Amino acid sequence: MTQNLTADDQKRAAAIKALDHILPGMRLGLGTGSTAAHFVRALGQRVREGLAVTAVATSEATAALAREFGITIVELNELRHLDLTVDGADELDGSLRLIKGGGGALLREKIVAVSSDRMIVIADESKLVGELGNFPLPVEIVPFGYRVTMERIADAAAAAGCAQNLITLRGGEKHPFRTDGGNFIADCDCSHIPHPEDLDTRLSFIPGVVENGLFLDLATVAIIGHTGGVKELPA
Ligand code: 5RP
């Protein structure tokens with residue numbers, strides 16, 4: 001049957017499908033963004049029906065939403081280790097490499113993903129790309145000396161062979177966007193990122209860079225909503 005799902009329907013369908021991976025007693029990581037919010041609401045419905053899970057949120061916004069839906073939220077320090085994280089993405093490729101951080105939560109998202117046995121990424125089909133980079137790469141940086149740090153990020157993108165390296169401070173210099181950790185976000189428009197691992201390594205060596213939005217070797221499964229339903233990768 002043809003369903004013709006909108007992008008938001010696709011996000012919701014992917015989020016609901018992710019519930020198939022949830023077992024009673026699991027320690028979960030909850031992502032940030034509109035797709036992750038669909039998952040939190042769907043999970044909250046299950047919790048109201050009696051499912052017992054404990055969760056760590058990747059942002060204050062997700063923590064507030066989860067509590068509203070009756071999901072027990074604790075600090076990562078309390079659990080230390082998570083069974084599964086479910087989160088959205090701004091882009092993903094066929095190898096399940098991701099760009100994240102469009103919502104500014106990339107630092108907590110990466111800490112939580114790295115603390116999990118498995119990460120499921122949920123997304124609508126527009127997020128699935130042949131090569132990463134069309135979505136500007138978010139890089140969380142400390143405010144001190146941010147212009148110098150941004151120049152170094154642009155140099156790293158060029159050295160890693162990116163098609164371009166146009167960098168902007170999110171929110172602009174007058175009213176810079178602040179992350180939950182009080183840092184800035186530099187968005188690096190690379191157009192194409194031919195060597196994500198190389199760029200990730202180069203960015204990690206820049207003083208002033210707290211974390212970047214490349215999530216490599218973290219997602220184990222992707223659930224993609226499309227106009228006719230959902231599909232899982234790897235198939
Ligand atoms: C937030 C993220 C989000 O997962 C990403 O921006 C996708 O958002 P959405 O689900 O609203 O499309 O990385 O930092």
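Observations
- For the chain, the residue among 222, 113, 31 whose Cα projects farthest onto the positive side of the dipole built from Cβ charges is 31.
- Exposed-loop-free span, longest in the chain, where GluC sites (Glu not before Pro) count as exposed if DSSP calls them loop and at most 14 other C-beta atoms lie within 10 Å: 76-172
- Gain upon complete extension [residue 34, residue 142; 0.36 nm per residue less C-alpha separation]: 36.3 nm
- With both labels modelled 7 Å from their Cα along Cα-to-Cβ, the residue 159 to residue 118 distance reads 3.8 nm.
- The mean sequence distance of close C-alpha pairs (under 8 Å, at least 6 residues apart), as a share of the length of the chain, puts its relative contact order at 25 percent.
- With only Cα atoms counted, the chain has Rg and Dmax values of 17.5, 56 Å.
- Size of electric dipole in the chain: Cβ of Lys, Arg +1 and of Asp, Glu -1, about Cα centre, debye, nearest 20: 480
- Only helical runs count toward this figure. For the chain, summing -39,500 (n - 2.57) over DSSP H runs of n ≥ 4 and dividing by all residues gives -9000 deg cm²/dmol at 222 nm.
- 17 Å cut-off, amide nitrogen to a point 7 angstrom out along residue 220 Cα→Cβ, residues in region 5-41: 18-31
- The modelled label-to-label distance for the pair residue 64/residue 151, using points 7 Å beyond Cα in the direction of Cβ, is 3.9 nm.
- Coil-residue trypsin sites (Lys or Arg not before Pro) of region 147-232, DSSP, other Cβ within 10 Å capped at 12: 174
- Under 5 Å from the amide H of residue 29 lie the amide H atoms of 56, 84, 85, 86, each residue being 5 or more positions distant or on a separate chain, with H modelled from the backbone and absent for Pro and chain starts.
- What the Cβ-Cβ distance of residue 195 and residue 125 gives, at R0 = 22 Å and to the nearest 0.05, is a FRET efficiency of 0.30.
- Cα gyration tensor shape of region 1-118, rounded if a/c is under 1.5, else prolate or oblate by comparing a/b with b/c: oblate
- Working from Cα pairs under 8 Å separated by at least six residues, relative contact order for region 137-211 is 46 percent.
- As a calculated quantity, the FRET efficiency between residue 78 and residue 204 at R0 = 30 Å, using C-beta atoms, amounts to about 0.60.
Bear in mind these aren't lab numbers, they're just calculated from the coordinates by the rules spelled out. What you see is a predicted model; the values in this text were computed from it and never measured. Cβ: placed from backbone, ideal geometry, glycine included. Neighbour counts: every protein chain shown.
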